[in-house]
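Inspection log for the structure reproduced underneath, given as structure tokens.
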Amino acid sequence: MLQDPTTDGRFGEFGGRFVPETLVPACMELEAAFKDAWADSLFRTELNDLLRDYVGRPSIITECHNLGSQLGIRLLLKREDLNHTGSHKINNVLGQVLLAKRMGKKRIVAETGAGQHGVASATAAALLGLECKVYMGEVDVKRQALNVFRMRLLGAEVVPAMSGSRTLKDAVNEAMRDWVASVESTYYAIGSVMGPHPYPWIVRTFQSVIGDEAREQCRGLLNGEDPDVVVACVGGGSNAIGIFSGFVDTTARLVGVEPAGGAAVGRGVPGVVHGMRSYLMQDEYGQVQEAHSISAGLDYPGVGPEHSHLASIGRAEYPSVSDDEVIEGFQLLSRTEGIIPALECAHAVAWIAREAPKIQGKTVLMNLSGRGDKDVAQMMDILGSRL
């Protein structure tokens, strides 16, 4: 089990609550409401019922016999791509929107990069009867047009973020501005293990269902043993912390794969962004540098504070892969197993393929956190002539 944060919201030296004074009461109200809800068996039962009957949990484990044989490893996938809405995001959003209703909020705002958190937010808001506004970088609106349409179809308002790099970082900025201006009636449903305390803790708690299920499933499949390596892609890091939570107290090697153009752990230094202290890509003057990834969902210059803590104590490692490797990984899983991964997940596939000669005979569990439907149009532009 991962440790809960300190009373001031810290994971080691990372985390905290770096927000304007006007938001401190809102954060404290949220922390109190979450603690009360999580201790309430009726809240937990309602969430678990939705996860089972609406999302389709537990998600299954699929063994990749073809690709595993090709790479010389035993490869298992935790199939979050099979969830309703197509990714792990729905686990967290249902929990947060239930919490918003419990707090009496009438409206939720959310940020999104690849659109999956936006789709999940719009879905949960439609189900539970709340107004929903989603902020999305203008660049991502164009490259994820399918998810934009899905959000609008579900009744959400999608607002392009026009500032900065016009990607995920800027969508977060706009969502936080909205929250500051309307905090009495609005709940900010953050999509990853980032932001001011208590958000990294709340999101990790809701996503820990992935790790809890995976550990039990793997032990059933592996005669009581744990996998040798647990791998997931990392942007903000919610899918990775979700699966890591089930194995952090085992001997499994934990690997969070970052994009080469957004390697916050690999290239960043501690700094403050979006209300948290964490590893952050910044220049010598402390200005946030723009991240780049072929995947809209990983286009973020920071990383969740709990990941920064796990890296700092050596419990998890955070290598990076290039866009070219990701394109190969995207095709590799598709062609060998008939499973088209999200571009985010293709980062994890790429690392496994690259690392395979060093882990021969090992059992590798990968969190397949989303399906690739949303990325097909983008990949048609890149691969169309080759195929």
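The values are calculated or read from the model by the stated rules, or taken from the named source; none is laboratory data. Note that this is a predicted model, so its numbers are computed, not measured. Positions of Cβ are generated from backbone atoms using ideal geometry, with glycine treated the same way; all protein chains shown enter the neighbour counts. Accessible surface is based on the protein model in full, side chains and every heavy atom, while ligands, DNA and RNA are left aside. Shrake-Rupley method; radii C 1.70, N 1.55, O 1.52, S 1.80 Å.
Considering region 293-317, the residues that are in a loop (DSSP other than H, G, I, E, B) and over 17 Å from the mean Cα position of the chain (by Cα) include one that is farthest from GLN3 (Cα to Cα), namely GLY314.
Residue count for region 187-231 under the criterion of being more than 14 Å from ILE243 (Cβ to Cβ), of a type in the set (A, V, I, L, M, F, W, C) and in contact with a strand residue (DSSP E or B) (Cβ under 8 Å, 6 or more places away or on another chain): the result is 5. Condition check for ILE340 on (1) hydrophobic (A, V, I, L, M, F, W, C); (2) touching a Ser or Thr at 6+ places or on another chain (Cβ under 6 Å); (3) open to solvent by 20 Å² or more (accessible area, probe 1.4 Å); (4) touching a residue at least 60 places away in the same chain (Cβ under 8 Å): one failure, at (4). Candidates ILE313, ILE327: the one that is at pLDDT 95 or above, closer than 25 Å to LEU387 by Cβ and among the hydrophobic types (A, V, I, L, M, F, W, C) is ILE327.
Beta carbons closer than 7 Å, at least 6 apart along the sequence or on distinct chains, pair a first residue in region 107-126 that is in contact (Cβ under 8 Å) with a residue 60 or more places away in the chain and more than 14 Å from ASP299 (Cβ to Cβ) with a second that is surrounded by fewer than 24 Cβ atoms within 10 Å (Cβ to Cβ) and charged (D, E, K, R) for ARG107/GLU131; VAL109/LYS133; VAL109/ASP178.
The C-beta contact set for region 318-331 (first residue outside any helix (DSSP H, G or I), second residue among the charged types (D, E, K, R), distance under 9 angstrom, 6+ apart or interchain) comprises TYR318/GLU258; PRO319/GLU258; PRO319/ARG354; PRO319/GLU355; SER320/GLU258; SER320/ARG267; VAL321/GLU258; VAL321/ARG354.
On the basis of being over 24 Å from LEU298 (Cβ atoms) and among the aliphatic types (A, V, I, L, M), does LEU146 make the cut?
Values: over 24 Å from LEU298 (Cβ atoms): no; among the aliphatic types (A, V, I, L, M): yes.
For LEU146, the condition - over 24 Å from LEU298 (Cβ atoms) and among the aliphatic types (A, V, I, L, M) - is not met.
Has region 32-39 got at least one residue that is charged (D, E, K, R), farther than 18 Å from VAL203 by Cβ and free of Cβ contacts under 8 Å to residues at least 12 places away in the same chain? Checked region 32-39: no residue is charged (D, E, K, R), farther than 18 Å from VAL203 by Cβ and free of Cβ contacts under 8 Å to residues at least 12 places away in the same chain.
Scanning region 79-109 for residues that are in a loop (DSSP other than H, G, I, E, B) and farther than 18 Å from LEU368 by Cα yields MET103, GLY104, LYS105, LYS106.
Of all residues in region 80-110, those satisfying the criterion of being among the hydrophobic types (A, V, I, L, M, F, W, C) and open to solvent by 20 Å² or more (accessible area, probe 1.4 Å) are LEU82, MET103.
Kindly evaluate ALA260 against the criterion of being more than 14 Å from the chain's Cα centre (by Cα), among the hydrophobic types (A, V, I, L, M, F, W, C) and buried (at least 24 other Cβ atoms within 10 Å of the Cβ). For ALA260, the condition - more than 14 Å from the chain's Cα centre (by Cα), among the hydrophobic types (A, V, I, L, M, F, W, C) and buried (at least 24 other Cβ atoms within 10 Å of the Cβ) - is not met.
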